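First the structure, in the form of structure tokens, and then the observations on it.
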Amino acid sequence: QNGAGVGVGGGKFDPDDVSGDVINNVNAGYGGSGVHAGTASSKSAATSVPSSGSLDPVVDLPPIAKPPETTPAVSSSFGMDPHVPSVPSVPSERVVSSAAGSVSRVSPIPPPGRFPRGLLPVGVVTYTQLFGRDELGRIEAQVDATDVMARRGLLPPGCYHHSTGVRSAGDADTAEGSVALKRTKMFFGARYLWTREQMSQADARIAGGVRVDVPPPLRWMRHQVEEPLVGCGVIPRGFVDSIALNLYHDGSEGIQSHYDDAARFRRPIYSLRLFSDSRLSFGGHLFGNTNNDFFVPMPRGCVTVMEDDSYAANGIKHCVRPADMAGKSAALILRGIRPEAMRRARELLLTET
């Protein structure tokens, strides 16, 4: 069990008290020769994290009442290993009294170092129900408005990158065979070089390919997403200085297998899934399309964390395939840039301007 900070309304997660908070701790069996099916211990939050209304002039929506509280639920399982019996469910936390009269609480989730033989944590934690349905609707309206700004050329050219493809049969809004927008990547606070053309430039390796010639994160990103996650202890205050928005317009084009370069990005890496359910695929072959080792489900509103010094962040590539999406989808990715890379990127910007 990873002691990630989480709570509702600004509380902190106590690894010895698992009631009423949200944590999905994903573990995969990894015995050195392969990875078995990924599994999760999951809990549902009792309430949504309160967040402020829209502060960005892009979209002005009225405040909406909070959804009703939900009942916490607990379930757990482990990746199957031939030597490990299945664990269909996890009992509730129990209170144990000692002969001396002291009372202690025992968590049903095993602490680090006590996973069944053949299983190791991959280092992915997912949080669900941190944002209510109405909060997600307001965030997604801001995403759409930001997309309109990019399409109209109201953002600097280096801030976004469009990918296009041929519209297939069955798409009602565009004629079959015409060119359609498939994916848009947008960068705020800092961007990074990643296309083949960008990486062929003579100065591509300076600052690890990090560049700061983009606008700062938009106010809605800070106030509607980052601040609620800081407030409930998921993200440390002051950690995030770069926010990327990956918008998959119809879910027909994903993102190929890649690492989040450790020379550029600090760990952990945080993302919020929007518009529809999806999943994160690890260890795929042939551009991530086949023989994936394990998956992490990402329902709409899920906050996914790839932890520091983890197998998921540093030991295996990840991707989002078209098969992992059910339609329009987006990921808001919150990162911290390595201080040395940020310093060199700022120096480069001063030199160039």
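The values are calculated or read from the model by the stated rules, or taken from the named source; none is laboratory data. Quick caveat, the model's predicted, so the values are computed rather than measured. Counting neighbours? That spans all protein chains shown, and the Cβs are built from the backbone with ideal geometry, glycine included. Protein only, heavy atoms only, side chains kept; ligands, DNA and RNA dropped before computing areas. Shrake-Rupley method; radii C 1.70, N 1.55, O 1.52, S 1.80 Å.
In segment 190-221, what count of residues is obtained for those that are open to solvent by 20 Å² or more (accessible area, probe 1.4 Å), under 30 Å from Asp134 (Cα atoms) and in contact (Cβ under 8 Å) with a residue 60 or more places away in the chain?
Number satisfying all stated conditions: 3.
Restricting attention to segment 335-345, does a residue exist that is within 18 Å of Ile235 (Cβ to Cβ) and assigned to a strand (DSSP E or B)?
Checked against the condition, which is being within 18 Å of Ile235 (Cβ to Cβ) and assigned to a strand (DSSP E or B), segment 335-345 yields at least one hit.
Of everything in segment 247-265, what is surrounded by fewer than 19 Cβ atoms within 10 Å (Cβ to Cβ) and of a type in the set (Gly, Ala, Ser)? Give them in sequence order.
Selection gives Ser252, Ala262, Ala263.
Working only within segment 297-307, note down all residues that are over 19 Å from Arg183 (Cβ atoms) and crowded, with 23+ Cβ neighbours inside 10 Å.
Of all residues in segment 297-307, those over 19 Å from Arg183 (Cβ atoms) come to 297, 299, 301-303, 305-307.
Those that are over 19 Å from Arg183 (Cβ atoms) and crowded, with 23+ Cβ neighbours inside 10 Å: Cys302, Val303, Val305, Met306.
Considering Ala331, Ala345, Ala326, which residue is more than 15 Å from the chain's Cα centre (by Cα) and surrounded by 19 or more Cβ atoms within 10 Å (Cβ to Cβ)? Spell out how you get there, then give the answer.
On the way: Ala331 fails: more than 15 Å from the chain's Cα centre (by Cα); Ala326 fails: surrounded by 19 or more Cβ atoms within 10 Å (Cβ to Cβ).
Going through Ala331, Ala345, Ala326 in turn, just one is more than 15 Å from the chain's Cα centre (by Cα) and surrounded by 19 or more Cβ atoms within 10 Å (Cβ to Cβ): Ala345.
Exactly one of these conditions fails for Ser278: (1) in contact with a helix residue (DSSP H, G or I) (Cβ under 7 Å, 6 or more places away or on another chain); (2) open to solvent by less than 40 Å² (accessible area, probe 1.4 Å); (3) touching a residue at least 60 places away in the same chain (Cβ under 8 Å). Give me its number.
(3)
For segment 287-296, indicate whether the set of residues that are farther than 17 Å from Leu136 by Cβ, hydroxyl-bearing (Ser, Thr, Tyr) and surrounded by fewer than 19 Cβ atoms within 10 Å (Cβ to Cβ) is non-empty.
Taking segment 287-296 and keeping what is farther than 17 Å from Leu136 by Cβ, we get 287-296.
Then drop every residue that is not hydroxyl-bearing (Ser, Thr, Tyr), which leaves 290.
Checking which are surrounded by fewer than 19 Cβ atoms within 10 Å (Cβ to Cβ) leaves us with 290.
Yes, segment 287-296 has at least one match.
Please give the strands (runs of 3 or more DSSP E) falling wholly within segment 203-319 in which 3 or more residues are at pLDDT below 90.
Ranges flagged: 255-258.
Scan segment 308-323 for residues that are closer than 23 Å to Leu274 by Cβ and buried (at least 20 other Cβ atoms within 10 Å of the Cβ) and jot them down.
Once the filter is applied, which keeps residues that are closer than 23 Å to Leu274 by Cβ and buried (at least 20 other Cβ atoms within 10 Å of the Cβ), segment 308-323 yields Ala312, Ala313, His318, Val320, Arg321.
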